[in-house]
1. How much FRET efficiency would the formula 1/(1 + (r/R0)^6) give for Glu463 and Glu367, where r is the Cβ-Cβ distance and R0 is 25 Å, rounded to 0.05?
2. Under 5 Å between amide hydrogens, which residues at least 5 positions from Ile294 or on another chain qualify, with H placed 1.01 Å from N in the peptide plane?
3. Can you pull out the GluC sites (Glu not before Pro) in region 326-385 that DSSP calls coil and that have at most 13 other Cβ atoms within 10 Å?
4. List the GluC sites (Glu not before Pro) within region 157-245 that DSSP assigns to loop and that have no more than 11 neighbouring Cβ atoms inside 10 Å.
5. Return the sequence-ordered ³J(HN,Hα) values of region 267-275 in whole Hz as given by the Karplus equation 6.51 cos²θ - 1.76 cosθ + 1.60 applied to θ = phi - 60°, using x for Gly and Pro.
6. For a quick check: with amide H placed at 1.01 Å from N, whose amide H comes under 5 Å from Ala300's, ignoring anything fewer than 5 positions away on the same chain?
7. Got a number for the accessible area of Phe121? Probe 1.4 Å, square angstrom, nearest 10.
8. So, for region 308-458, what is the accessible surface per residue at a probe of 1.4 Å, expressed in square angstrom?
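The values are calculated or read from the model by the stated rules, or taken from the named source; none is laboratory data. Bear in mind that the values here come from a model prediction, so they are computed numbers and not experimental data. Please note: Cβ atoms are built from the backbone with ideal geometry, for glycine as well, and neighbour counts cover all protein chains shown. Surface areas here come from the heavy atoms of the whole protein model, side chains and all, with no ligands, DNA or RNA. Shrake-Rupley method; radii C 1.70, N 1.55, O 1.52, S 1.80 Å.
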Amino acid sequence: METGFFKREAEVLGEGLAAGLSEVAQTTWSDLKKAGSRFVDDPLDTTAHYVKNHWQDALAGAVIGFVNPRGAANLLLVGWSMRGLGSATYQAMRQAARPDADLEQVKGQLAEAVSHEGTAFLGAMPMAFAGSIVGRAGANSIFGRNMAAYDLLRGRVKPAEVKANLLEIGDQVRPPKVKRVITDLDGTTYPFSDYFAPAIRDAVPELAKKTGMTQPEVYKSLGEIMDMRRTHDWPWVLEESRLAKRWKGTPEEFRAQVVEPYHQHLDAYRLKYLRAFPEVLETMAELKQRGVQIYALSDAPAFIAKARAEGTGVAKYLDGLYALETPEAALADVRFPQALEHGRQRVYNFLHSPSDLKVTQVPKAFEKPETGGILMVLDNPPRLRPRQMLYIGDSRVKDGGVAHNVGIPYLRARYGSVIAAEYEEVLATLRPDFGAAGPKAAKVYPPIMAEVASYADILKFIEPKPDYAKLTVNLGRSLAVPPRFKSALGYNLVPGQTDR
């Protein structure tokens, strides 16, 4: 009984497959010619008929591409496209298992099915391949570049990353309203140089007269300290400079005759000349009416950033100000120990003056484009996604860099980078080589959402609309998935090709 069974199976499979395979090429060519004739006579109906009969191949290919079992995807695509051979073989084996089966008829049916398998394969494979491209493109969008569902199952992709990608896709199709604006201050909400440059220009002659130094020496001396401390507003700029080292009087006289008049002079110019850029205050008022939070992130020392924000009227619209802390100068950096007292008191008085503005001091190491400061801003409730926020600033390297590093759209305040020539000359004389100590890192210019000519242009981006042209381009790029030339065993046939 068993011997008869195996003989029948072997005879049907051996002879049926052999007969069918011997006719594959001829049958396939004949079927293709018929299909070509039908397409020439009625291309639309033939195409519709093809899609109707093979849509399931595209669906299967999309599933395989989306899951992407590494090293087996191509094998599965080929296997699916040749499923007719497996089905015909299985049916023939079932019929041959019956003792009363007509083996000749079974062999003939198997041979007929196998002879048309070439046509079936050529019909299914293009749709399965096209579907796999769509599946892989979808996997790239959901799981990340060169990742798929198989990588999620293996733990190479975290569920949180998938959630973020899905939200990003949703945000592109239906952009959310902006609920928080993060703004730079100097050069973005007010022109810092409009008061500082003329204040220095008018202060230097008096400093030169009191210390017996030349004006170029005073400029260079101040510039060296400002350069080293990376701020124009260092409270101990005079105490650390060569002006203090050249002073022939007492520490008390230096403070009374040089330090105090210098800072009083700067403060007087700030109060007299510093004003918000046109439309800044009106725009901030409009943002608040729309329920938008406004946080300031500045690389200025917190004490003077607070004073400037309050003096220009910007402060009353801010939900919070984040600016750099001012660590006290070391005793070794000043000539007189008592020289620290004025700067210490200046910082304290500015920070603790009566105000409703919440000021947070940020570590100096978080200077933009480092993300420490902006991450502190983002910790404020409610927790928002990057596309629910906007960042505006005049420095593409610093402001654009920090925004890019956390994924927030960046508006470049082009108007803030324009400085009057006479003020530019003063700043250049003060510190022509600002930041020159040590090797200079190459500047990185991150992408921008837009360049704006006025602070009021923010309002154009608060309720964004879908950019269908950009969506179309992104869709085209995501579908441009190159084919993977891999063997069934998973070896790359093209040198340097990745596993994707």
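1. My answer for the efficiency is 0.15.
2. Under 5 Å from the amide H of Ile294: Val181, Asp319.
3. The qualifying sites are Glu328.
4. Those that pass, being in a loop and sparsely packed, number zero.
5. 5, 5, 5, 4, 5, 7, 10, 7, 9
6. Amide H neighbours of Ala300: Leu324.
7. Looks like 60 Å² after rounding.
8. About 51 Å² of surface per residue is accessible.
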